[in-house]
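The values are calculated or read from the model by the stated rules, or taken from the named source; none is laboratory data. All values derive from a computational prediction rather than experimental measurement. Cβ sites come from the backbone with ideal geometry, for glycine too, and all protein chains shown count toward neighbours.
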Amino acid sequence: MKIVNHALFVAACAIAIGPALREVAAKPAPPPPNGPPSKAVTEAILDAIAEEMNRQMTQLEIPGAPKPYHIAYKITEVDVNDVAASLGQATSKRNRHFVNLEARVRVGAPAFDNSNFVVPQADEIDAVSAINLPLEATPRIARRATWLVTDAAYKEALIQLRAKLEARRTGGARSSDVPSWTAEKPVVSEQPVLVPQLESLDELETRAKLISATFRDLPAIRDSRVAITSYLERRWYLTSEGSNVTDTRRASGIVIAASGQADDGEPIGQYFLRYGHTAKDLPTDDELKTESKKLVELITALQKAPAMDKYRGPVLFEGEGAVGVIRFALAPHLGGTPVPEGLDPREAKSFGGAFTDLVGSRILAASLSINDDPTAKAGNGKALIGGYKIDDEGVASQKVEVVKDGVLKTLLLSRTPSKKGQVSNGHARRTADGGAFHGSATNLFVSGRGAVPRAALVQKLIAAAKADGLKYGLIIRRLDDSAITSAPDFSRRELVQMIKSTDQTLPPPAILAYRVYPNGKQELVRGFKMGDIPVTVFEDVLGVSTEITTYNYLAAAESQLQLKLGVHTGSNDEGWVPSGGIESGVITPDLLLKRVQVGGAIGGERPQPVTPKPAK
């Protein structure tokens, strides 16, 4: 019997397999396994809805009124794990799981129908009706629910059509050669899209408590919150045209928000936000602790920072600041959906549409190009959550070249055209007053020629400010996002003051900015209001950086003021969580704009407490 020297054997094995082990270790961790398909929305449920749709198309009619010419159903299953924590303790821990059935009915004809019209004094009438289905719904329950929502949507469609016809007669008709609705080929894709399972509530709670404890015993911090979410959204579309398609979205995210107060009473807030497909795309615990400490340092410094004077001159939008100016000042105008008839003029301004009649014209600096790509899974090596297989009208997603070398090539389109001959390019994502979907950005890629390193771009800023006779230039690194920073304890007086002082047509305030002097010194300044940023400012871009920022966010349907007032679901309660809105992403270099106007201090003073804080 041969005796083996085990020590030598082990050493030899280590030498032989060591390189292979190192190669395996170098490979990225495999993605988490996919979860099962839906148990709540089965083929039998979908068949029952389809059968009822066919019955409604043939039998739904009120004598003397037009029948539906198009019916669409969207079935949405949402499964969300959300946890919020503060100072090391969970303030909310919940799972939300529901199924929603939505019906949209069109009456008239594609050339002219009820859609994209706001009924005077009744803007809630939009030919859309929805109901939640039980998670244990049977085909019979689903069919009955379909019958009810279709009936309600049809009756609203008739009211909307009559009001639209009357408005056209009394107020003058729009161009008659632009149809209300475009024809699209039916899409059939019934195979379930499987995604990784959600992170558990216990996993999210452990992490939220750990990160939120970073803010304990810090006198500069008045309020701090950490919220972590893991969610999926399954969607099914059935239409009378023959479309039958399904898609699934999956995302995880974390928000860290903290606030303090300056000596003069001005509130100061900062936040950190990240989203990915799963938790593996998010920063590690150590990285999140570091980011939390950075927020504390910023708030502490801002409490002593000088207020910003009014300024008009060159501004360098850097990092998240560049994302913010694209998101709030440019992206809303890239949609090609016409403004709904009857929309309030103030709301019409924020609707966008500045480029509707400018296809083929130069709208940006010749160095800039923009693509929107809902098929992209990553941007600059980082996960993007804005992608999808089908848009909210059941049209297949498409990559779109929006701007090339400053020239507008096309717009982001839904099935509601603004010009004759337009067809959807799969970008119907945002609902608008009047019931139509608004063509909207998804994963917006901004690129620029002649890029230079960030440090060189700062020198360009200094030179541009000097040429304008200014004492300093301005760098903006972050704009406010009211979906995140809304304080849960606004008093009635503060709310009234906010309503009076907020111009909803302006971009949100800058909350992280620096003055840059000729010697290169950067001075932190307090947050300030932004002036109007017309789209024409993007025609004068003095430079872009080689550094690229990839940033995901959830675009809320509400205005920034509404979000601050707590209209946004969950933003002002203990269950404050970052899981409401439209998944979106911006991938952009820093942008040096030639001339931007900013206002003064944000204001909103809150009196300091009369007595000192408790010692224990």
ALA258 meets each of (1) more than 24 Å from the chain's Cα centre (by Cα); (2) touching a residue at least 40 places away in the same chain (Cβ under 8 Å) with one exception, condition (1)
Could you pull out the residue among LYS616, LYS529 that is modelled with pLDDT under 90 and of a type in the set (D, E, K, R)?
LYS616
When residues of segment 202-253 are filtered for being of a type in the set (Val, Ile, Thr) and within 30 Å of ASN54 (Cβ to Cβ), how many remain?
4
In segment 435-445, is there at least one residue being over 24 Å from GLY585 (Cα atoms), in the same structural domain as VAL544 (by TED's automatic domain parsing) and either charged (D, E, K, R) or touching a residue at least 24 places away in the same chain (Cβ under 8 Å) (or both)?
yes
Considering segment 370-396, residues that are closer than 25 Å to TYR73 by Cβ and charged (D, E, K, R), and then whichever is surrounded by the most Cβ atoms within 10 Å (Cβ to Cβ), we arrive at ASP391
Can you tell me which of (1) in contact (Cβ under 8 Å) with a residue 40 or more places away in the chain; (2) polar (S, T, N, Q); (3) surrounded by 14 or more Cβ atoms within 10 Å (Cβ to Cβ); (4) under 27 Å from VAL41 (Cα atoms) is the one SER129 doesn't meet?
(1)
Of all residues in segment 333-362 being assigned to a loop (DSSP other than H, G, I, E, B) and polar (S, T, N, Q), the one that is surrounded by the fewest Cβ atoms within 10 Å (Cβ to Cβ):
SER361
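Each row is one residue, and each column tells you yes or no for (1) in contact with a Leu (Cβ under 6 Å, 6 or more places away or on another chain); (2) crowded, with 17+ Cβ neighbours inside 10 Å; (3) over 30 Å from PHE117 (Cβ atoms); (4) modelled with pLDDT under 95.
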{"site": "ARG168", "(1), (2), (3), (4)": "no, no, no, yes"}
{"site": "GLY171", "(1), (2), (3), (4)": "no, no, no, yes"}
{"site": "SER176", "(1), (2), (3), (4)": "no, no, no, yes"}
{"site": "GLN197", "(1), (2), (3), (4)": "no, no, yes, no"}
{"site": "THR206", "(1), (2), (3), (4)": "no, no, yes, no"}
{"site": "TYR237", "(1), (2), (3), (4)": "no, yes, no, no"}
Quick check, is THR356 touching a Gly at 6+ places or on another chain (Cβ under 8 Å) and within 24 Å of ALA556 (Cβ to Cβ)?
yes
Failed item in (1) under 17 Å from the mean Cα position of the chain (by Cα); (2) outside any loop (DSSP other than H, G, I, E, B); (3) of a type outside the set (A, V, I, L, M, F, W, C), with THR375 passing the rest
(2)
Consider PRO283 against the criteria (1) within 21 Å of LYS382 (Cβ to Cβ); (2) touching a residue at least 60 places away in the same chain (Cβ under 8 Å); (3) part of a loop (DSSP other than H, G, I, E, B): it satisfies all of them except one. Which criterion is unmet?
(2)
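Does at least one position in segment 231-242 carry a residue that is over 30 Å from LEU46 (Cβ atoms), in contact with a strand residue (DSSP E or B) (Cβ under 8 Å, 6 or more places away or on another chain) and not β-branched (Val, Ile, Thr)?
No; the residues of segment 231-242 include none that is over 30 Å from LEU46 (Cβ atoms), in contact with a strand residue (DSSP E or B) (Cβ under 8 Å, 6 or more places away or on another chain) and not β-branched (Val, Ile, Thr).
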Starting from residues that are in contact with a strand residue (DSSP E or B) (Cβ under 6 Å, 6 or more places away or on another chain) and over 20 Å from ILE475 (Cα atoms), keep the ones in segment 284-311 and report whichever is surrounded by the most Cβ atoms within 10 Å (Cβ to Cβ).
SER292
Output the residues belonging to segment 416-447 that are surrounded by fewer than 23 Cβ atoms within 10 Å (Cβ to Cβ), among the small types (Gly, Ala, Ser) and not in a loop (DSSP other than H, G, I, E, B).
SER447
Output for Cβ contacts, cut-off 6 Å, separation at least six or different chains, first residue within 16 Å of ILE45 (Cβ to Cβ) in segment 137-158, second acidic (Asp, Glu) and modelled with pLDDT of 95 or more, reads ARG143/GLU52; THR146/GLU52; TRP147/GLU52
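Can we say PRO192 is part of a loop (DSSP other than H, G, I, E, B), under 27 Å from the mean Cα position of the chain (by Cα) and in the same structural domain as GLN56 (by TED's automatic domain parsing)? Show your work before the answer.
Numbers: part of a loop (DSSP other than H, G, I, E, B): yes; under 27 Å from the mean Cα position of the chain (by Cα): yes; in the same structural domain as GLN56 (by TED's automatic domain parsing): yes.
Considered against the rule, which asks whether it is part of a loop (DSSP other than H, G, I, E, B), under 27 Å from the mean Cα position of the chain (by Cα) and in the same structural domain as GLN56 (by TED's automatic domain parsing), PRO192 comes out as yes.
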Take the conditions closer than 30 Å to ASP47 by Cα, part of a strand (DSSP E or B) and at pLDDT 95 or above and apply them to ARG274. Does it pass?
no
Of all residues in segment 204-248, how many are under 30 Å from LEU194 (Cα atoms) and either in contact with a His (Cβ under 8 Å, 6 or more places away or on another chain) or assigned to a helix (DSSP H, G or I) (or both)?
8
Which is at positive phi and at pLDDT below 95, of GLY269, GLY265?
GLY265
Based on this model, can you work out whether LEU288 counts as assigned to a helix (DSSP H, G or I) and touching a residue at least 60 places away in the same chain (Cβ under 8 Å)?
yes
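Kindly indicate which of GLY394, GLY406 is in the same structural domain as GLU547 (by TED's automatic domain parsing), in contact (Cβ under 8 Å) with a residue 60 or more places away in the chain and either closer than 19 Å to VAL245 by Cβ or touching a Gly at 6+ places or on another chain (Cβ under 8 Å) (or both).
Every option except GLY394 fails the conditions.
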